[in-house]
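The values are calculated or read from the model by the stated rules, or taken from the named source; none is laboratory data. Predicted model, so just to flag it, every value in this text is computed and none were measured. With ideal geometry, Cβ positions are generated from the backbone for all residues, glycine too; neighbour counts draw on all protein chains shown. Side chains are part of the model used for accessible areas, which takes the heavy atoms of the whole protein and leaves out ligands, DNA and RNA. Shrake-Rupley method; radii C 1.70, N 1.55, O 1.52, S 1.80 Å.
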Amino acid sequence: MLRLISLTLGLLLAACSSMEYNLPAVSSDTDGNRRAGKFIWHDLISDDPKGTEAFYGALFGWEFQSLELLGANYWVISLDGAPIAGMVEQSGIAAQRDISQWMSVISVADADTAMKIISEAGGTVLREPVSIGDRGTIAVFADAQGAHFATLTTPSGDPLDSESLPGEGAFLWHELWTSNVPAASTLYAELGDLDAVALDREGADGADIDFRVLRSDKLTRAGIRSLPDPDMPSLWMPYLRVETIERLEQLLLQVPELGGEVLVPALPRPAGGYVSVIAGPSGAPIALQTWGSDQPLIKDL
């Protein structure tokens, strides 16, 4: 079943990334430089766009702008007026809930070089590099362990690294849950010219977790950890920021009322705060992480 879902999703991602239209740049807040290895965008593939819009709109105040007038089944998602993600309508496929997925998008300096690195590491090219206008050149892959992700080479530079915490409901962190931490660390470190640093981490059961962070100089870009459950597929998990545990508990009460599902209840996290995993109406998992204003920027850990 997982193999069939992976294949179907791969075909879907290839179709979505091959649409011929001009998507807006991910940000106007740039100095013209690319920041390889940084996650600079997020796309949600959903079989229930209306339900998804209502769900995240109620939870976090996300606003969805349709690009249908430009010939695209695509929505730009904004928070407090700033674009943070996009949504692609999952059309033309008899979709199951577990096909829907958040797609994390990594900046790379050169799309063809990235494709070569991923292929040589045993990954699969789901969509070769293609221009999507002002946004840049995108490609879609599965790494050797099956985790899906996209790369983007922007024409006008990547978003600046912020000197403040993102607001509630914005993307805070990205973590790869994988069946092979050493191999995945090597791939993504090479892809973004990053350093992979091992950290001591314990799971909820007290057992050691193989956990590493990807760093660019002193900036931490993402984490890589062993699978929480050996039977689950490898995946990139995006995290949204929540201010306090009290606020997180309020949100978790709303999730089922809005048509979503709480997949993992709030648990303490070794790095600090509490984390929960939820899914919206289309079934795509996403993590909610409490991170107060008195805690350091994730990128500086």
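Take the convex hull of the alpha carbons in the range 117-242; its mean projected area over all directions comes to 9.1 nm².
Judged by the mean number of other Cβ atoms found within 10 Å, the most tightly packed of the peptides 106-119, 39-52 leads the ranking 39-52, 106-119.
Can you tell me which aspartates and glutamates have their Cα less than 13 Å from the Cα of LYS116? Leave out same-chain residues fewer than eight positions away. Cα-Cα hits under 13 Å: GLU128, ASP143, GLU190. Residue ranges 175-183, 141-149, 229-237 sort as 141-149, 175-183, 229-237 when ordered by packing (mean number of other C-beta atoms within 10 Å per residue, highest first).
On the beta carbon distance between SER119 and ASN33, with R0 = 25 Å, the FRET formula returns roughly 0.40.
Using a Förster distance of 45 Å, how high is the FRET efficiency between ASP193 and SER164, based on the Cβ-Cβ distance and rounded to 0.05?
The computed FRET efficiency comes out at 0.95.
The equivalent ellipsoid of the range 158-203 has semi-axes of 24, 16, 10 Å, largest first, where each one is the square root of 5 times an eigenvalue of the Cα gyration tensor.
Between MET232 and ASP80, the contour length at 0.36 nm per residue exceeds the Cα-Cα span by 51.3 nm.
Of the residues GLU261, GLU128, ranked by 1.4 Å probe accessible area with the largest first, the sequence reads GLU128, GLU261.
Here the extension length gained between GLU63 and ALA183 equals 39.4 nm, from 0.36 nm per residue of separation less the Cα-Cα distance. The percentage of C-alpha pairs in the range 23-152 whose separation is greater than 25 Å is 29%. The label point for ASN22 and the one for LYS218, both projected 7 Å from the Cα toward the Cβ, are 4.1 nm apart.
Taking K and R as +1 and D and E as -1, what net charge do the other residues with C-beta under 13 Å from the C-beta of GLY169 add up to?
With Lys, Arg at +1 and Asp, Glu at -1, the neighbours total -2.
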